[in-house]
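Reading through the structure tokens given below for one structure.
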Amino acid sequence: MSVTTIGIDLAKNSFSLYGTHKHVKACLKRAVSRKKLLVTLANLPPCLIGIKVCSGAHYATMLSFPRLL
């Protein structure tokens, strides 16, 4: 199944990714390093991404998606 929604739990050096498909069943559970986050997301199909909000989340979003600002 293809991932339709991803939740990202941010930490200082690693990120936990949790993905679901259209039937809301978990199909992706992965921890990735800060360096590999963008590569990992780029290799997934277009989908909705939710980011856990904290001060680090705003900083990571600015670094990850500068064209949206």
For region 10-33, the count of residues that are modelled with pLDDT of 85 or more, within 16 Å of LYS52 (Cα to Cα) and either among the charged types (D, E, K, R) or not in a strand (DSSP E or B) (or both) equals 2
Among SER33, SER2, SER16, the single one that is touching a Pro at 6+ places or on another chain (Cβ under 6 Å) and surrounded by 10 or more Cβ atoms within 10 Å (Cβ to Cβ) is SER2
Name the residue that is nearest to TYR59 (Cα to Cα), counting only residues in region 3-32 that are touching a strand residue (DSSP E or B) at 6+ places or on another chain (Cβ under 7 Å) and of a type in the set (D, E, K, R).
ASP9
Sort out which residues of region 36-56 are in a strand (DSSP E or B) and surrounded by fewer than 12 Cβ atoms within 10 Å (Cβ to Cβ), and write them in order of number.
LEU48, GLY50
Determine the pairs where a residue that is closer than 13 Å to PRO46 by Cα, located within region 1-13, has a partner that is among the hydroxyl-bearing types (Ser, Thr, Tyr) with Cβ atoms under 6 Å apart, the partner being 6 or more residues away or on another chain.
THR5/THR20
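The values are calculated or read from the model by the stated rules, or taken from the named source; none is laboratory data. None of the values given here were measured: they were computed from a predicted structure. Virtual Cβ from ideal backbone geometry, glycine too; neighbours counted across all protein chains shown.
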